[in-house]
Every structure is written in structure tokens, then in C-alpha cells.
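Reading through the C-alpha cells given below for one structure.
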Amino acid sequence: MAKNLFDKVWEAHSVRQLPSGQTQLFIGLHLVHEVTSPQAFGMLRDRSLQVMFPQRTFATADHIVPTAQLARPFADQLAEQMMVEIEKNASQFSIPFFGLGDQRQGIVHVIGPELGLTQPGMTIACGDSHTSTHGAFGAIAFGIGTSQVRDVLASQCLTMGRPKVRRIEVSGRLARGVYAKDLILAIIGKLGVKGGVGYAYEYGGEVVDRMGMEERMSLCNMSIEGGARVGYVNPDQITFDYLRGRPYAPQGEAFERAVSWWRSLASGPDAAYDDRVQLDGGAIAPTLTWGINPGQTLSVEGEIPSPDAFPADERAGIQEALDYMDFKPGQKIAGTPIDVAFIGSCTNGRLTDLREAARVARGRRVKPGVKALVVPGSQQVRRAAEAEGLHQIFTEAGFEWRGAGCSMCLAMNPDKLQGRQLCASSSNRNFKGRQGSPTGRTLLMSPAMVAAAAVTGAVADVRGLL
Amino acid sequence: MNTSIITYVGGRAVPVRGDDIDTDRIIPARYLRTLTFEDLGTHAFEDDRAQGKHAFDEPRFQGSAILLANRNFGCGSSREHAPQALMRWGIRAFVAESFAEIFFGNCVALGLPCFTAPGPELARLMDSVEAAPLQKLGLDVERQLLSWKGGETAIALPEGARRQFLEGTWDALGQLLEAPDLIRATAERLPYLNDFAAAT
């Protein structure tokens, strides 16, 4: 039976089978950030252990950093403490650290790829569930908890059960104004928030083959919202062209040898999978969430659903979502007024995301009363965007142009919703309280759709603004 | 004798109703700004609790060791702070219709078994625990059996995790460090760690 990429990469990294039946899996790249690492380093100290492969460990600060008023010490003393702690840990354990004073700093899942650290054929772990992002390069990349961060630091390994592999094939062509974000929201809407539990997702087909690396990253990023800890795309010429010349990518002849190995990793046409799903990319409209989990999606042309449209045992949950979001069944989602517009996050904070949003924002104005911010995913993205003048397009339109970080995705830094504010967001989670107010409300959508909502003052079909 | 071996968890139970309860609700992100896990117990479900009646605030459920849940419990963020908060509140095991994968793995790392049971069984259990909160539940890891006021019911733990609890290897680091030569041998075979010299 022909192997898929997952099989090849998993087997290459299997150190040994354990008595429990699980695998001791070697982790080729360990990415670290300030929130999920302090206790892990503490546990190493408690047990007098060292980091086994410091040369395969890279750290940054992203979750708690402010995106405005970056002066140290931070106004938030707890955030300042965490920065001091990761600086200390990186120094003590000899780990490269891309901190705020370093031009390479940014959201961990943005900087790994742009620095060429993320490569095909690796296993990649990080104490963050959106580690699935790096699967876009044909790596097995997944999120882990703090005790597992400790395990990787000390042994460069994890104890893992092997998941099954589901091939998700997307045929056809995405329409104008429809992006990778719409596709992944459509997939999660179709397969459900727990549909992927126990699976790695392999994304493929004409639509995915045509995507650039940044779109592939958006796609893989939200695999975990569909329950799949791992999501990946087979490496191809698009992947190799992206990696060529990046600081940590192989250079010169080593790069050509690498490309040869990377090509060999891709799933063959006769590869076997545990399950297959087909989607028609051409049938997807701009998609957004209406509720309190990423599976509660609808088309921008659609109406808020009624609990009656769901199986009996799901109705109470649907009603809870309707009540929290203050929506009524049958209400059209387009035209819903918004209070806040957020463009950024590890899902959609890259240069192509900012370009698409800028296309919508150019020559238009953020609706008075709407707070709109654009947060580049890394300092490198920020510089590149400024070199193209994107920041001027945004500021002239009335968006705030910020420093790099996780920002309003997740309530750990000063960028937060207030009260019941409704936010059009290019992030990845719409759970209750996610964006910093216990009663705040989130509508997930593509960055172009966020820009459309910002200039309209309400949810709007971006296809009419392009 | 391996004192880490876990074969049984017993205690009273607290039902936390609702599907897709995510880790942001279990422990809000503002509490992740911490260098230790120590003070998390009092903040478990804090924002849900502020919205009104919550099982974690009810006197009859204080001191529970077993948390009963519905589908996809612990979805969302990988934060280990979520099971840490629940553990420090007093929880030692979970029974739900299904769990999110990263949450499940974090619980294993802390020695907290997550058992599954079918939806109708959970409904019966939750109703019973609400009516008779003082009853003691017993979770048998070896036999995959839950004993409660209504009798005995089959529960499931995936085989790999089950064996980790029975062997005492759920705290994985010791086992992972047993074979440093094999770890280094794996590193030596990986093309990207060897300048792709060995690549075909």
C-alpha cells in the first residue's frame, strides 16, 4: 500500500515503539513562546535537566506583547514578568530568542515559516494549538501542552498515539473574493468542530495546489478548530520557491539536495488514506461564523439558522449561541452592524492577507464609530507592508496600524473587546469571551471581509467591493 | 513499586452540561499571565460562573473529584492551564461523551484519566448526580467500568493512554529519557539535521 506524507514523516521520526503501543516521536523543530514555557523551564530546573537540542529550539514573544506602547517595562506587570522570564530562560538554556528588540520577532507561526525554519518533512511542536499552521509546508506540526513542552525541551521527543489520515480534496476554483479562510470555515462547517478528532488532515486538489504558501498556512492553521491536531499540504514547487534563500533554509547545493528529498515526501497518487472527503471549491461563497464555535458558519448571503433545523440534542446549544450573540433565526447576517474590526492573527496576519484587505480599504473610510485595527503578524511582515505603502492605505482609511503580536485574537494583551462589542475578526476562535470581554462577540471571516465590514460599518459581501 | 500507577479513581461527581466547552471558558486567558500553575483552581469557569448558576458554585458539588461532561469537552486552545485549574479545584478524572485531543493529552500528562461513555449513559449519570450528589462514583481503569448509584456502566479509555496509567508512564519524561542513544540515532538519520547529505 503506498504511503502518504504523514506515514513517511511519522516513520522517519519514530525513535521506538513504547510498551503502551504509542510512539516515542522525535521532534525536529521546537518553537517556544512566553505563555506556555515558564513552567516547563521551571520543571527542567527542578529536575536539573538541560535542553537536549538547543540548536533545534527557537523562542519568541507574541501573546502578551502590546501592539502599541511597546516601551519596557510594560504597563501590564504580569506581562512584563513573563517577558523577563522568557528572556532569562532563553539565555540560561542557550536558546535563540527573537524578542521585541529583534527584527525577526512576531507571532510564532508567522516567523517560523518566514525565517525558513519550517520545512517539509519535519515534525514540529509548539505549546500552541495553531502549530498546525506549519503543516502547510508538508510537515507534521501540532500543538502541545506545557508538560509536553518540558518533554520536548529535555528529550526532544514526545509520547504520541498515531492518528489516522483523512484526505480533503477541493476541486474547481475559488471565486473572486473567496479565500483560504472561507474554505477552511466551510470545511469546519461541513465536518464539524470535532470531526477531525483522531485524524490528521491532508488538504489537496486543484484549489489547494493553486494556493500560495500564505493561503496554505491559513488553511492548515484552523485544522485544530475542526478537531484535527495536524493539517498539512504536500510540498511542491510553490513550497520550494518560497523557501529558497530564507535565512534558516538550506543554502547553495544543500538546497538542491533538500528539494530532492522534499519532493520524495509528498503523498503519491496511489497513497492510501483512512478516509476521504470531497469539496467543490467553486460552490463556496464568502463564509463567516455567526455563533460561539468555529463550526457555526454561514454564507454572507445567508440567514441565522433556527434551532429547529438541528437534531434535537443540539438545539439547546444552538439557542445558547443565538442568545449570547443576540441573533434571531431568519435574520440576514449581511447588514449586521459591527463595533470593532480586527485584521491580524496567526491565521491571517501575513503580507498577502494585508494586501487583500488593503484592496478593499483603498480609497474608502472606516465607518465612524467602528474601531478598526491592522496588526501585522511579524516585524518582517510589517516592514514589507510598509515598503508597499499598505500602512498608508490603512491609516488614510481610518484603521490603526500596529506593531506585531497576537493582539485581539485572545485577550492576553491590551487589545480587547469591551462589553458586548461585536467584532469582525480575521482570527480563528469565536468562543464566548475569547477576545477579552466576558460578553464580547466575534464573527470570524477573511481579512478582506473584515475590511469590507469596517468600511461599511456592518457585515458586507466583499465581492461587491472588489 | 511504581507509585505513579493509576488503576482507580473514586469520589463524588460534578456535572458540567453543554457541548463544546472550550478551554477559554475553563480558564480565561487573563489567568495565563502567570509563571506557575498554583493559583488557577479558584478561577476555573470564572466567566461562565459570573453569568449565573454554575455547577462549580453549588455547595452540593464542592469537593467533587470527577467531572461529567457532554461532547467535545476541552476544545480550543492547547493551554495546559485548563486541566491544571480543574485539577487544583479538586478534579481527578473526567467522564464525557467525547474530548478534544490536546485536552485529553494534557490530562494524561497530569495523571487525570478521561473516560468516554455514550450520550444516553451520560444523561442518566448527570441526572442521577444532580438528584443524589453525595453518591460516590468509582472509575476502574483496568476493567473500564464505572460504578455508581445506578449500578455499573462500561466506560472507555483509548488503549495507549490506558496502559500509560496502568504502567505509571503517564508522566512521560522518565520513559522518554531512557534511551538517549536511540534519540541521537534518529537525529543522525534525519536529512535536515545533516545538511541533507544523506538525502537520496
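What to note about this one:
- Among the residues of the stretch A:7-23, those identified as within 7 Å of another protein chain (Cβ to nearest Cβ) and either assigned to a helix (DSSP H, G or I) or of a type in the set (Val, Ile, Thr) (or both) are A:Ala12, A:Val15.
- Condition check for A:Arg383: among the basic types (Lys, Arg) and within 14 Å of another protein chain (Cβ to nearest Cβ): no
- Residues that are under 23 Å from the mean Cα position of the chain (by Cα), within 29 Å of A:Gly196 (Cα to Cα) and open to solvent by 50 Å² or more (accessible area, probe 1.4 Å) within the stretch A:229-277 comprise A:Gln237, A:Ile238, listed in sequence order.
- Residue match in the stretch A:425-435 (condition: assigned by TED's automatic domain parsing to the domain that holds A:Leu373, free of Cβ contacts under 8 Å to residues at least 40 places away in the same chain, surrounded by fewer than 24 Cβ atoms within 10 Å (Cβ to Cβ) and outside any helix (DSSP H, G or I)): no
- Total residues in the stretch A:134-159, condition part of a helix (DSSP H, G or I) and at the interface with chain B (Cβ under 8 Å from one of its Cβ atoms): 7
- Within the stretch B:144-164, the set of residues being within 20 Å of B:Arg12 (Cα to Cα) and of a type in the set (Lys, Arg) comprises just one member, B:Lys149.
- Residue check for A:Arg104: more than 11 Å from chain B (Cβ to nearest Cβ) and either among the aliphatic types (A, V, I, L, M) or out of contact with any helix residue (DSSP H, G or I) (no Cβ under 7 Å at 6 or more places or on another chain) (or both): no
- Exactly one residue out of A:Pro54, A:Pro73 is over 26 Å from B:Leu157 (Cβ atoms) and touching a residue at least 24 places away in the same chain (Cβ under 8 Å), and it is A:Pro54.
- Residues located in the stretch A:60-81, provided they are in contact with a Ser or Thr (Cβ under 8 Å, 6 or more places away or on another chain) and within 15 Å of A:Ala404 (Cα to Cα): A:Thr67
- Candidates B:Ala197, B:Ala185, B:Ala161: the one that is in the same structural domain as B:Phe104 (by TED's automatic domain parsing), of a type in the set (Gly, Ala, Ser) and either modelled with pLDDT of 95 or more or loosely packed, with under 13 Cβ neighbours inside 10 Å (or both) is B:Ala161.
- Criterion violated by A:His63 - all others in (1) part of a loop (DSSP other than H, G, I, E, B); (2) free of Cβ contacts under 8 Å to residues at least 12 places away in the same chain; (3) of a type outside the set (D, E, K, R) satisfied: (2)
- Sub-7 Å Cβ pairs linking a first residue in the stretch A:375-396 that is among the polar types (S, T, N, Q) to a second residue that is part of a strand (DSSP E or B), at least 6 apart or interchain, are A:Ser378/A:Gly106; A:Gln379/A:Gly106; A:Gln380/A:Gly106; A:Thr395/A:Trp401, ordered by first then second residue.
- Residue selection: B:Leu110 satisfies the criterion of being within 10 Å of chain A (Cβ to nearest Cβ) and at pLDDT 95 or above.
- Among the residues of this structure, B:Thr169 counts as one that is hydroxyl-bearing (Ser, Thr, Tyr), surrounded by 17 or more Cβ atoms within 10 Å (Cβ to Cβ) and outside any helix (DSSP H, G or I).
Table: residues versus (1) hydrophobic (A, V, I, L, M, F, W, C); (2) within 30 Å of A:Asn430 (Cβ to Cβ); (3) within 14 Å of chain A (Cβ to nearest Cβ).
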{"position": "B:Arg12", "(1), (2), (3)": "no, no, no"}
{"position": "B:Arg17", "(1), (2), (3)": "no, yes, yes"}
{"position": "B:Thr23", "(1), (2), (3)": "no, yes, yes"}
{"position": "B:Ala29", "(1), (2), (3)": "yes, yes, yes"}
{"position": "B:Arg33", "(1), (2), (3)": "no, yes, yes"}
{"position": "B:Glu46", "(1), (2), (3)": "no, yes, yes"}
{"position": "B:Gly63", "(1), (2), (3)": "no, no, no"}
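- Taking the stretch B:2-121 and the helices (runs of 4 or more DSSP H) fully enclosed by it, the elements with 1 or more residues that are within 18 Å of B:Arg162 (Cβ to Cβ), open to solvent by less than 20 Å² (accessible area, probe 1.4 Å) and touching a residue at least 12 places away in the same chain (Cβ under 8 Å) are at B:81-89, B:101-109.
- Some residue of the stretch A:306-322 being open to solvent by less than 40 Å² (accessible area, probe 1.4 Å) and in contact with a strand residue (DSSP E or B) (Cβ under 8 Å, 6 or more places away or on another chain): no
- Of the helices (runs of 4 or more DSSP H) entirely within the stretch A:302-384, those holding at least 2 residues that are among the charged types (D, E, K, R) occupy A:315-325, A:351-361.
- Meets criteria (among the basic types (Lys, Arg), part of a strand (DSSP E or B) and either surrounded by 17 or more Cβ atoms within 10 Å (Cβ to Cβ) or outside the structural domain of A:Tyr273 (by TED's automatic domain parsing) (or both)) for A:Arg104: no
- Scanning the stretch A:433-466 for residues that are of a type outside the set (A, V, I, L, M), in contact with a strand residue (DSSP E or B) (Cβ under 8 Å, 6 or more places away or on another chain) and within 14 Å of chain B (Cβ to nearest Cβ) returns A:Arg434, A:Gln435, A:Gly440, A:Arg441, A:Thr442.
- The set of residues from the stretch A:24-61 being in contact with a strand residue (DSSP E or B) (Cβ under 8 Å, 6 or more places away or on another chain), open to solvent by 10 Å² or more (accessible area, probe 1.4 Å) and more than 8 Å from chain B (Cβ to nearest Cβ) comprises A:Val51, A:Phe58.
- Identification of helices (runs of 4 or more DSSP H) wholly contained in the stretch A:172-269 with 3 or more residues that are modelled with pLDDT of 95 or more and not charged (D, E, K, R) yields A:180-191, A:213-221, A:237-243, A:253-265.
- Filtering the stretch B:171-188 to residues that are within 30 Å of A:Leu243 (Cβ to Cβ) and more than 7 Å from chain A (Cβ to nearest Cβ) leaves B:Arg184, B:Ala185, B:Glu188.
The values are calculated or read from the model by the stated rules, or taken from the named source; none is laboratory data. In this text the structure is predicted, and so the values were computed from the model without any measurement. Neighbour counts run over all protein chains shown; Cβ positions are idealised from the backbone, glycine included. Ligands, DNA and RNA are stripped out before the accessible areas are found, and what is left, the full protein with its side chains, is counted by its heavy atoms. Shrake-Rupley method; radii C 1.70, N 1.55, O 1.52, S 1.80 Å.
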